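Notes to accompany the following structure.
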Amino acid sequence: MIPVKVDQLFISNMGLAVHLKGMEDKRVLQIFIGAAEAQAIAIHLKGIEVPRPLTHDLLKNLLAYFQSPLKRVEVCDLREGTFYARLILEREGAEVEVDARPSDAIALALRCGAPILVAEMVMDEAGRVLEETEAVPVADKAGKKDGKPVARVLTPLEKLKHDLDQAVKAERYEDAARIRDEIKRLESLH
């Protein structure tokens, strides 16, 4: 198993993704994730305090209550383009494995301070070394780095506003209403 860390969280033309970078291995594993999981990861990475526990906070609290600490997270398999992960918990002195989506596993590992590991086979198949010019840097507010335009990480709120615009343009009004309500909910938290 290869120890990794969350290197970047970003949006591309294919969706939201997280980069897991080897701590000693130079390869990066890119995993596309859902908006809710991206938001959970971003909230933790940015140190944003929320008034009530979110889902991954609740899971962390449950693990603590049931005295089953999260020992590590393993991205253990890749089948037909889908990544698989497992949570390794300790229960009464023994390790217990729980199947999980990688995005949820990563969000939980960050909150619990647990290591994230990637199976050699998964990294061999899907990992790659990014050249400096390929890396997606986090840009300043103007969307520029060193005076050149670059990709910029969108906040969950910015992503929702973008999705709302797209839904309205495509005349998907039910989706637009749902997204509008989520925007209002997020804005009320600030």
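Of the conditions (1) surrounded by 12 or more Cβ atoms within 10 Å (Cβ to Cβ); (2) under 17 Å from Lys5 (Cα atoms), Val129 satisfies every one except a single condition; which number is it?
Of everything listed in (1) surrounded by 12 or more Cβ atoms within 10 Å (Cβ to Cβ); (2) under 17 Å from Lys5 (Cα atoms), Val129 misses just condition (1).
Can you tell me which residue among Ala176, Ala135, Ala139 is at pLDDT below 80 and either out of contact with any strand residue (DSSP E or B) (no Cβ under 6 Å at 6 or more places or on another chain) or within 30 Å of Ala85 (Cα to Cα) (or both)? Step through it out loud before you land on a result.
Values: Ala176 fails: at pLDDT below 80; Ala139 fails: either out of contact with any strand residue (DSSP E or B) (no Cβ under 6 Å at 6 or more places or on another chain) or within 30 Å of Ala85 (Cα to Cα) (or both).
Answer to the selection: Ala135.
Quick check on Asp77: is it within 18 Å of Val28 (Cα to Cα), modelled with pLDDT of 95 or more, in contact with a strand residue (DSSP E or B) (Cβ under 9 Å, 6 or more places away or on another chain) and among the acidic types (Asp, Glu)?
Details: within 18 Å of Val28 (Cα to Cα): yes; modelled with pLDDT of 95 or more: yes; in contact with a strand residue (DSSP E or B) (Cβ under 9 Å, 6 or more places away or on another chain): yes; among the acidic types (Asp, Glu): yes.
Here the answer is yes, as Asp77 does meet what is asked.
Only one of these is farther than 23 Å from Val129 by Cβ and either surrounded by fewer than 18 Cβ atoms within 10 Å (Cβ to Cβ) or not basic (Lys, Arg) (or both): His19, His44. Name it. Outline the logic, then answer.
Numbers: His19 fails: farther than 23 Å from Val129 by Cβ.
Result: His44 is the single residue among His19, His44 that is farther than 23 Å from Val129 by Cβ and either surrounded by fewer than 18 Cβ atoms within 10 Å (Cβ to Cβ) or not basic (Lys, Arg) (or both).
Within region 66-103, restricting attention to residues that are among the basic types (Lys, Arg) and under 16 Å from Val6 (Cβ atoms), which residue is surrounded by the most Cβ atoms within 10 Å (Cβ to Cβ)? Spell out how you get there, then give the answer.
From region 66-103, those among the basic types (Lys, Arg) are 71-72, 79, 86, 91, 101; that's our starting set.
Restricting the remaining residues to those that are under 16 Å from Val6 (Cβ atoms) gives 72, 101.
On the way: Arg72: 19, Arg101: 16.
So, considering only residues that are among the basic types (Lys, Arg) and under 16 Å from Val6 (Cβ atoms), the one surrounded by the most Cβ atoms within 10 Å (Cβ to Cβ) is Arg72.
Quick test of your reading of the structure: Gly113 fulfils all but one of (1) surrounded by 11 or more Cβ atoms within 10 Å (Cβ to Cβ); (2) closer than 18 Å to Met23 by Cβ. Name the failing condition by number.
Result: Gly113 passes all but (1).
The values are calculated or read from the model by the stated rules, or taken from the named source; none is laboratory data. What you are looking at is a predicted structure, and each value in this text was computed from that prediction instead of being measured. Please note: Cβ atoms are built from the backbone with ideal geometry, for glycine as well, and neighbour counts cover all protein chains shown.
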